[in-house]
Amino acid sequence: MKGITRQLAGLKDKSACTWDLSGVDSLDHIGAQMFWNTWNKQRPPRLTLDPRQEDLFKRIEAASKITLPRQRVSPFDWLIKLGAGMLDFFAHLRSFIGLIGIVVQDLWRFARRPATGPWREISANIYHSGFQALGITAIVGFLIGIVLSFLSSQQLRMFGGDAYLVNILGMAVIRELGPLLAAILVAGRSGSSITAQLGVMRVTEELDAMLVMGVSHGYRLILPKVIALAISMPLLVVWTDAMALLGGMVSAKIEMGMSFRYFLQKLPDAVPFVNYTIGLLKGATFGVLIALIACHFGLRIKPNTESLGRGTTTSVVTAITVVILADAVYAIIFSNTGF
C-alpha cells in the first residue's frame with residue numbers, strides 16, 4: 001500500500017491522466033480512499049469505474065462534502081473556565097464537609113456502642129497503612145537523615161559549630177521533616193490505595209450492594225480508615241524520626257567523628273519536649289486528613305476505569321498539598337513554642 005501511494009503521489013498532472021479502474025476485481029474502502037486522496041478529493045475528468053465501485057466512491061464523495069461547524073471561542077472563555085473551576089471546588093468542599101459530618105456521627109455511634117464497632121476493619125487498616133509502611137519510611141527517613149547531616153556538617157565546620165549539628169538535626173527532623181515526610185509517603189502509598197479500593201468497589205457495584213444490604217459506607221469503610229490512620233500516623237512519625245536521627249548519627253560519626261553516645265546525650269537538651277508533642281499531633285492530624293481526602297475522592301469515582309485513574313491521581317496530589325498547607329498552619333500556630 002505504501003509503494004502504491006508513493007507511486008501515485010509521484011504523478012505530476014493527475015487531472016490529465018486517464019483512470020480506468022474497471023479491471024480491478026475487488027476494491028475496499030481503504031483502496032478507494034487512497035485513489036480519492038490522489039485525485040484531490042474530486043473525480044478526474046477521464047475516469048472509468050466498474051458499476052460495483054460506483055456506490056463506494058459515491059459514499060466517499062458524500063462524506064468528503066461534510067463540513068464540521070466552526071467552533072467559536074468566546075473572549076470570556078477564561079472567565080467561564082475560572083467560574084467552572086470555582087463551582088467544582090465548592091462542590092468538592094461541600095461534599096468534604098458532609099463527609100466530615102458523617103464521620104463524626106459514626107464516631108459518636110462507635111463511642112456509644114463500642115462492642116459492635118468495626119474492630120476488624122480498624123485492625124486490618126492499621127496493618128496495611130501502618131505496619132506495611134515501616135519499610136519505606138525507614139529507608140527514606142534514614143537517607144534523609146544522612147543527607148541533612150552531611151550538608152549541615154559541611155556548613156557548620158566552616159564556622160566551628162560542630163556541636164550544633166545535634167540541634168539542627170533534632171529540631172528539623174522531630175518538628176518538621178519527620179511528620180511531613182511520613183505524611184507524604186503515606187499519602188502516596190496508603191492514600192492512593194484507599195481511593196483505588198473505593199473506586200474499584202464503585203466500578204464493581206459493591207458499594208451499591210452494601211446499601212441494598214443496609215450496610216453503612218461510613219461506619220464500615222470510612223470510619224475504620226480514619227481511625228486507623230489517626231493511630232498509625234503518630235507511630236510512623238516516631239519511627240521515621242528515629243530512622244532519620246539514626247542516619248544523621250551515622251553521617252556525623254563518619255564526617256565529624258561525633259560519637260553516638262554524645263549525640264544521644266545532647267539530643268534531649270537540644271530539642272525541648274514540646275516538639276515531640278507537636279510532631280505527634282501533626283502526625284494524627286495528617287493521618288485524618290489523608291484518610292478523609294482519599295475516601296472523598298474514592299466515593300466520587302464514576303463506574304469507569306478512566307475516572308478511577310484520574311480520581312486516584314487527584315487524591316494523591318490533593319492529599320500532599322493539604323498536608324503541606326496543614327504543616328504551614330502548624331508552623332504559624334506554634335511559631336513561638338518549642339524553641
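Screening the candidates D88, D77, D50 for the property of being farther than 27 Å from L292 by Cα, out of contact with any Cys (no Cβ under 8 Å at 6 or more places or on another chain) and open to solvent by 40 Å² or more (accessible area, probe 1.4 Å) yields one hit, D77. Residue pairs whose Cβ atoms lie under 9 Å apart, sitting 6 or more positions apart in sequence or on different chains, and linking a residue in the range 74-102 that is in contact (Cβ under 8 Å) with a residue 24 or more places away in the chain to a partner that is assigned to a helix (DSSP H, G or I) and β-branched (V, I, T), are H92/T318; F96/I293; L99/I222; I102/I222.
If you go through the range 112-133 and pick out every residue that is open to solvent by 80 Å² or more (accessible area, probe 1.4 Å) and outside any helix (DSSP H, G or I), you end up with 1.
Residues that are of a type in the set (G, A, S) and in a helix (DSSP H, G or I) were ranked within the range 204-218; the one that is most open to solvent (accessible area, probe 1.4 Å) is A209. In the range 237-250, the residues that are part of a helix (DSSP H, G or I) reach residues that are open to solvent by 10 Å² or more (accessible area, probe 1.4 Å) with C-beta atoms within less than 6 angstrom, at least six apart or across chains, in these pairs: T240/L181; M243/A138; M243/F142; A244/I144; G247/F142; G247/I146; M249/F260.
Condition check ((1) surrounded by 14 or more Cβ atoms within 10 Å (Cβ to Cβ); (2) in the same structural domain as S190 (by the TED database)) across all residues:
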site	(1), (2)
I102	yes, no
F110	yes, no
G135	no, yes
I146	yes, yes
S153	yes, yes
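Looking only at the range 157-174, which residues are without any contact (Cβ under 8 Å) to a residue 24 or more places away in the chain and either surrounded by 17 or more Cβ atoms within 10 Å (Cβ to Cβ) or not in a helix (DSSP H, G or I) (or both)? Listed by number, the residues that qualify are G160, G161, I168.
Residue-by-condition table, conditions (1) more than 22 Å from the chain's Cα centre (by Cα); (2) open to solvent by 30 Å² or more (accessible area, probe 1.4 Å):
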residue	(1), (2)
E176	yes, yes
Q197	no, yes
R202	no, yes
K225	no, no
M233	no, no
P268	yes, yes
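Out of all the residues in the range 24-47, which are open to solvent by less than 80 Å² (accessible area, probe 1.4 Å), under 47 Å from the mean Cα position of the chain (by Cα) and not polar (S, T, N, Q)? Once the filter is applied, which keeps residues that are open to solvent by less than 80 Å² (accessible area, probe 1.4 Å), under 47 Å from the mean Cα position of the chain (by Cα) and not polar (S, T, N, Q), the range 24-47 yields G31, M34.
The values are calculated or read from the model by the stated rules, or taken from the named source; none is laboratory data. From a predicted model like this one, the values you see are computed outputs, not experimental measurements. Cβ sites come from the backbone with ideal geometry, for glycine too, and all protein chains shown count toward neighbours. Remember, those area values only see protein heavy atoms, side chains included, never the ligands or the DNA or RNA. Shrake-Rupley method; radii C 1.70, N 1.55, O 1.52, S 1.80 Å.
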